[in-house]
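The values are calculated or read from the model by the stated rules, or taken from the named source; none is laboratory data. Model, not experiment: these values are computed from the prediction. Cβ coordinates were reconstructed from backbone atoms using ideal geometry, including for glycine residues, and neighbour counts include every protein chain displayed. Ligands, DNA and RNA are excluded from the accessible area calculation, which covers all protein heavy atoms including side chains. Shrake-Rupley method; radii C 1.70, N 1.55, O 1.52, S 1.80 Å.
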Amino acid sequence: MLPDTSVSRRHAKVTWEAGDWFVHDLGSTNKVFVNEAQAERQRIHPGDRIMIGTFELLVEPGAGAAAPEPDPVINATIVRKVSDLVSELDGVSGSMALDSVESITELPEVHEPITETPSTSGTGKYFEYLNRLARDLIHTDSVAEVLEKVMDIAFAALPVDRGFILLGKSTRAVKCEIMRTGDKVEHQPAGDVPVSRSILRTVMEQEIGFLTVDAMDDTGLDGKSIAIHNIRSAMCAPLWSTDKITGFIQVDSPVQTGSFNETHLDFLITLANYAAVGVQRVQERRLRGRLERYHSPGVVDQVLNDEVEGGQNLRNATVTVLFGDLVGFTAFTETAGLEEVAELLDGYFNLAVEAIFEQSGTLDKFIGDCVMAFFGAPIDQPDHALRGVRAAVSLMDSMDLWNAERRRAGLPEVKCRIGLNSGDVVVGDVGSAQRVDYSVLGTTVNVAARLESAGIPGEIVIGEATKQLLGGFFELEPLGPQALKGLQQSVEAYRVVRTGDKDTVPVTRIS
């Protein structure tokens with residue numbers, strides 16, 4: 001290999017013919033010159049100078065006159081079906097190994113290079129590397145850290161000079177998250193990354209691991225990009241998460257040919273599987289942490305199990321919205337200390353969240369001393385009105401118990417008022433490019449907020465639509481039409497009599 005753009009992909013060859021050496025031009029762009037004369041096929045002798053692109057090669061006498069043995073023919077491309085390898089591993093795939101990490105915790109915390117011993121030679125050595133990686137990935141908290149650890153193992157176990165991990169669901173959308181050359185590591189490198197798009201397309205379309213002994217000599221690949229990026233020996237494997245490709249790992253040598261074999265390819269495929277599982281786990285932990293801010297544990301489990309939409313896109317839904325506000329909080333803050341204010345809010349919000357999550361509701365946000373929640377999304381709940389009123393009653397009951405404790409401690413009582421309304425909303429991630437919240441929008445929300453602000457301290461007030469959906473399971477007291485601020489038409493309102501459900505009705509359970 002002569003690494004320069006002045007040299008064509010297949011520029012020249014040297015042959016032994018009938019006792020003499022010959023150099024042949026293979027149709028190169030910049031031609032071949034022997035002793036400054038252009039040569040198509042030229043006999044060469046010791047002392048001759050051959051010009052190939054910008055390189056001058058000196059012909060020197062060999063140790064003997066005998067012709068060398070021809071190199072064995074090496075298959076230029078090796079492919080391996082990812083699904084075949086995963087099934088053959090039968091429990092040693094990335095996901096299985098990570099799930100059973102307790103069995104490998106005896107590996108030392110400080111990682112010394114794995115040396116060849118009878119127990120770690122050959123395939124055993126690779127399993128040692130994979131065991132080490134599995135244990136490390138359990139403790140990683142970021143995608144960048146996962147990928148760096150995977151790349152460390154690739155460089156420790158394989159004869160590679162460069163490595164790249166790209167994440168994305170298509171070859172056009174992939175983005176290089178880590179690039180390593182020797183000991184130099186770059187996260188999200190800028191500019192053109194030296195990977196072969198034709199190799200990526202092959203890996204994605206055929207769902208295979210790919211090995212090329214000499215990319216420059218592989219006629220099935222895009223020669224132009226391979227020459228530009230100086231790719232010689234190369235391997236590529238997909239990051240396979242559940243049933244879809246989420247990225248790629250490519251390693252190569254820009255100088256040597258024949259660096260890799262089938263064992264190396266099998267190891268890289270397995271390594272890619274570990275990387276995919278590690279990335280997925282970090283992303284799920286992040287998603288769970290975000291979802292736990294808004295949803296009950298049962299709802300979080302269903303969202304993560306893809307049983308429902310996680311609210312990434314706006315959609316229409318029918319829900320019941322709840323607003324619960326502390327009464328007299330502003331006046332309280334004028335005389336109370338900061339610690340008292342914080343203690344009061346913490347106590348109230350804890351009771352509110354517990355009541356909301358008890359009915360598998362979604363916590364929208366805290367607004368000062370007000371809590372906003374809704375029922376019926378992201379999981380469709382036909383009984384969302386019943387859930388909302390039950391949560392409100394539970395919160396009021398908890399407030400009664402809390403006030404009893406406060407009285408015994410010589411503290412003033414705390415009252416709240418709650419308003420609920422049911423109807424159509426737009427639900428999903430709402431916000432800016434920098435920050436979004438899972439929330440609901442629409443007139444239904446505005447009416448619920450107005451019912452709460454115009455409500456009675458210590459009471460639950462609901463709108464007409466919520467009353468209709470309750471089906472008579474709560475005793476209600478009509479409050480008549482209410483002229484609410486910001487609304488042109490009055491709204492029929494009802495007070496919930498807190499004597500419990502009139503009849504026993506099951507709430508649809510979240511498993």
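Values computed for the structure shown
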quantity	calculated
Globularity index of the stretch 308-454, i.e. its alpha-carbon radius of gyration over 2.2 N^0.38 Å	1.09
Net lengthening on full extension, Glu405/Leu345 (0.36 nm per residue, minus Cα-Cα)	20.0 nm
Per residue accessible area of the stretch 327-478, 1.4 Å probe, in Å²	44 Å²
Burial order of peptide ranges 393-400, 262-269, 185-192 (average beta-carbon count within 10 Å, highest first)	262-269, 393-400, 185-192
Calculated from backbone phi, Karplus (6.51, -1.76, 1.60) coupling profile of the stretch 192-209 in Hz, x at Gly/Pro	6, 8, x, 10, 8, 5, 5, 5, 4, 4, 4, 5, 6, 5, 9, 6, 10, x
3J(HN,Hα) from dihedral phi, the stretch 401-409, Karplus parametrisation 6.51/-1.76/1.60, rounded to Hz, x for glycine, proline	5, 5, 5, 4, 5, 5, 5, 5, 8
Apportionment of accessible area to carbon and sulfur, the stretch 368-450, percent (1.4 Å)	50 percent
Loop-resident sites, the stretch 142-209, for trypsin sites (Lys or Arg not before Pro), counting at most 15 other Cβ within 10 Å (DSSP)	Lys169, Arg172
Among 230-241, 34-45, 202-213, 374-385, the order from most to least packed when residues are scored by Cβ within 10 Å on average	230-241, 374-385, 202-213, 34-45
